[in-house]
1. Applying the selection to segment 1-22, what residues are outside any helix (DSSP H, G or I) and modelled with pLDDT of 75 or more?
2. Out of segment 23-70, which residues are charged (D, E, K, R) and at pLDDT 95 or above?
3. Can you tell me which of 64, 38 is in contact with a Lys or Arg (Cβ under 7 Å, 6 or more places away or on another chain) and part of a helix (DSSP H, G or I)?
4. Look at residue 72 and say whether it is of a type in the set (Lys, Arg), surrounded by 10 or more Cβ atoms within 10 Å (Cβ to Cβ) and closer than 24 Å to residue 21 by Cα.
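The values are calculated or read from the model by the stated rules, or taken from the named source; none is laboratory data. The structure presented is a predicted model; accordingly, all values stated were derived computationally and were not measured. Here the Cβ positions follow ideal geometry from the backbone for every residue, glycine too, while neighbour counts run over all protein chains shown.
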Amino acid sequence: MSSTADDDQNALAAELEASGFGPAVLASIGSVALALYYYYVRGEEQRGQFVGLWPATILGMASYLKLAKMERERAAERSAPESE
């Protein structure tokens, strides 16, 4: 993969994250779509219900990871010497 393609992907990822539609949200939306497909199209109700539980888990994990990142950044700011 070229450097330009990497830059484009990084820019797209940053734009999605800034808009609130990061990978976790996209995965959750995909999970809901898959759950509806299993439940209504394939008639596999139990599988559809199981897959339908994934979005809450995905979003919960993403929230935890974001909070942990924010806490690490805050701790780094507190421990960094203040320049005047």
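1. We begin by selecting, within segment 1-22, every residue outside any helix (DSSP H, G or I); these are 1-2, 20-22.
Across segment 1-22, the qualifying residue is only 22.
2. So the first thing to find is which residues in segment 23-70 are charged (D, E, K, R), and the list is 42, 44-45, 47, 66, 69.
The answer is 42, 44, 45, 47.
3. Numbers: 64 fails: in contact with a Lys or Arg (Cβ under 7 Å, 6 or more places away or on another chain).
Being in contact with a Lys or Arg (Cβ under 7 Å, 6 or more places away or on another chain) and part of a helix (DSSP H, G or I) holds for just one of 64, 38, which is 38.
4. Working: of a type in the set (Lys, Arg): yes; surrounded by 10 or more Cβ atoms within 10 Å (Cβ to Cβ): yes; closer than 24 Å to residue 21 by Cα: yes.
Spelling it out, residue 72 is indeed of a type in the set (Lys, Arg), surrounded by 10 or more Cβ atoms within 10 Å (Cβ to Cβ) and closer than 24 Å to residue 21 by Cα.
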